[in-house]
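Reading through the structure tokens given below for one structure.
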Amino acid sequence: MASIQKFEDLICWQRSRELANFVFNVTDVPKFKDFDLKRQIRRAAISPMSNTAEGFNRGTQAEFVDALFIAKGEVGEVRSQFYIAHDRGYIDMAQFEKGIQLTDECSRLIHSFSEKVKGSSRRGLQFKHVLKPDPDKELIKRYVPEVYKRMYGGR
């Protein structure tokens with residue numbers, strides 16, 4: 001199994017990107033007359049991929065999970081806006097169904113991934129155990145070498 005090194009490796013981010021591009025394509029036509037709805041659905045469509053990327057680059061598991069929940073909520077917002085866009089005749093049935101399918105897939109992928117992140121034993125970089133240097137070590141080595149050997153084994 002390949003290790004995830006960057007947010008672009010995440011399937012949920014890849015599908016969120018696909019959703020954002022789909023939204024831009026269907027709203028980038030003269031038929032989509034409502035400027036406010038167009039702006040809102042576009043901003044909401046960008047948010048899942050942005051939040052996933054931001055959470056991935058945060059230092060803790062908890063922050064990542066929070067960002068994924070925000071991303072999932074934004075997918076729900078896009079889904080809801082597809083309904084009004086269809087009701088107002090700005091998108092046709094095929095576009096509506098494709099949009100609903102993409103939002104459903106993104107939502108499921110983000111939810112599934114968030115459960116994996118929550119269940120992981122890796123808590124994040126901020127919790128990495130780093131030993132602090134012993135400030136007395138060099139003094140003991142220099143002035144009391146026999147104690148140093150007992151304490152540190154001659155290292």
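Observations
- Conditions (1) at pLDDT below 95; (2) among the hydrophobic types (A, V, I, L, M, F, W, C); (3) part of a helix (DSSP H, G or I): number failed by residue 1: (3)
- A single entry from 113, 82, 69, 64 fulfils the requirement of being surrounded by fewer than 19 Cβ atoms within 10 Å (Cβ to Cβ), assigned to a helix (DSSP H, G or I) and not small (Gly, Ala, Ser): 69.
- With respect to the conditions (1) crowded, with 21+ Cβ neighbours inside 10 Å; (2) farther than 20 Å from residue 94 by Cβ, residue 57 falls short on a single one, namely (1).
- Residue within segment 32-46 that is under 30 Å from residue 3 (Cβ atoms) and at pLDDT 95 or above present: yes
- In segment 133-155, the residues that are modelled with pLDDT under 70 and among the basic types (Lys, Arg): 155
- Check on residue 32, touching a residue at least 12 places away in the same chain (Cβ under 8 Å) and either crowded, with 16+ Cβ neighbours inside 10 Å or assigned to a loop (DSSP other than H, G, I, E, B) (or both): yes
The values are calculated or read from the model by the stated rules, or taken from the named source; none is laboratory data. In this text, all values refer to a predicted model and were calculated from it rather than measured experimentally. When we count neighbours, we look across all protein chains shown, and the Cβ atoms used for this are built from the backbone with ideal geometry, even at glycine.
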